[in-house]
Structure formats: structure tokens, C-alpha cells
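A short worksheet on the structure shown next.
Nothing in this text is a laboratory measurement; each read-out follows from the coordinates by a stated rule. Treat the numbers as computed from the prediction; the structure is a model and nothing was measured. In this analysis, Cβ positions are derived from the backbone assuming ideal geometry, glycine residues included, and neighbour counts consider all displayed protein chains.
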Amino acid sequence: MTNLHAIFDSIVTALVAFISEIGYLGIFVGMFLESTIVPLPSEVIMIPAGIAAAEGLMNIYLVIIIGVFGNVLGAVFSYYLAAFAGRPILFKIGKYFFIKPETIIKIEKFFNSHGEISVFIGRIIPGVRHFISLPAGVARMNIKKFIFYTFLGSTFWTSILAILGHLIGKNQDLIKEYLHILIIGAVSFCVILIVSYLFFKKK
């Protein structure tokens, strides 16, 4: 366990140094890729960026703005990629996530009725963020609504991660503790939001 903690501490330290070195461009590129099908967690970008801001190496507001901007542009890129390629790209990518073609078709139909809430929540749930833009593109969701709800979800999650890093600083033990709680809280928030949405939608 001690070795794992040492490895984690080393990784966080290295990421802070790396992000500080490449600056805001690195945050933009990282969050752009995170919003595509590249499995790059936003946690490993925004939390170290927040730590760098706490050390005076960056501005926390610029960190959040650039992170959100990169996230939204990456999502729009994936949206148009899926809109152009259609279902085949979902079928190919879905198999790597153990998602069957018939499930993807159901997701596409769901998007036609509940696209807004799906995009917003999808920007918050870990593991879903890389994939959520694709069914939106295939379903040809209204692009203005897609950008708006992507912006809301990205701003919410990106801000939380950056502020968490900024408040905790270099205390990696607290990062490990609060990140776990944060993910559970985000998932719980999404579940409550979905249940509330479906309830009022039915009403």
C-alpha cells in the first residue's frame, strides 16, 4: 500500500510539472482529447492544473475557461464525426465498451426524446464523457442545444476538478480521499437528476 501511495504521489507531482511546463495549451489539448473517444480522464488534467494554479504557476480562472473551451470543441468534433460516419462508427467503437448494436439503436432513439439531459449528465459521469457525443451526432441532435448542454456539463465538472486541485494543493492524500467522494457524489447527483427528470417528464 505504501508503494502504491508513493507511485500515486510521483504521478501527481509529474503531472503538475508537465502541465506547468506546457501551460494552457496543454490543458486545451488534453481536454479536447478527453472529450473525444481518447480515454484520457479529465481528472489527470484539471486537478494537477488546479494544483499548479494554487502554486501561482497558472491562473485558476483561465485554467477553467480553457479546460471548458477544449472540452466543448472536442465534443463538437466528435458530434460531427458521428453525424458524418453514422451508426457504423458507433457499432465499431461500441464493441470495445461491450455495447451491442441493438443497445446503440435504443440509445439513439432515447436521444431523440431526451437528448438534453443525456448530454448534460454524460459530461459528468466518468467513462461516459468520451462516448456521449457520438450518439448525439448520430441522432442529429440540435447542434445549438448540444453545445449549450455540453457547455453546462463541462463547466460544472471542469470547475469542480480545478477547484478541488486548487483547494487541496499538493496534499495527495486528500486528493485520493476527496476524488473518490467526488465521483460517488457526481454519480449520485446524476441519478437524482435522471429520476427527477423522468418524473416531471411523465407528469
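Observations, loosely collected:
- Each residue of region 44-55 is assigned a 3J(HN,Hα), and the resulting list reads 7, 9, 6, 5, x, 5, x, 5, 4, 5, 5, 8 Hz, derived from the Karplus form 6.51 cos²θ - 1.76 cosθ + 1.60 (θ = phi - 60°), x at Gly and Pro.
- Count Lys and Arg as plus one, Asp and Glu as minus one, and take only other residues whose Cβ is under 12 Å from that of PHE146; the net charge is then +3.
- Taking the average, over residues, of other Cβ atoms within 10 Å as the packing measure, peptides 143-149, 41-47, 132-138 rank 132-138, 41-47, 143-149 from highest down.
- Net charge of Cβ neighbours under 11 Å - reference LEU40; Lys, Arg +1; Asp, Glu -1: -1
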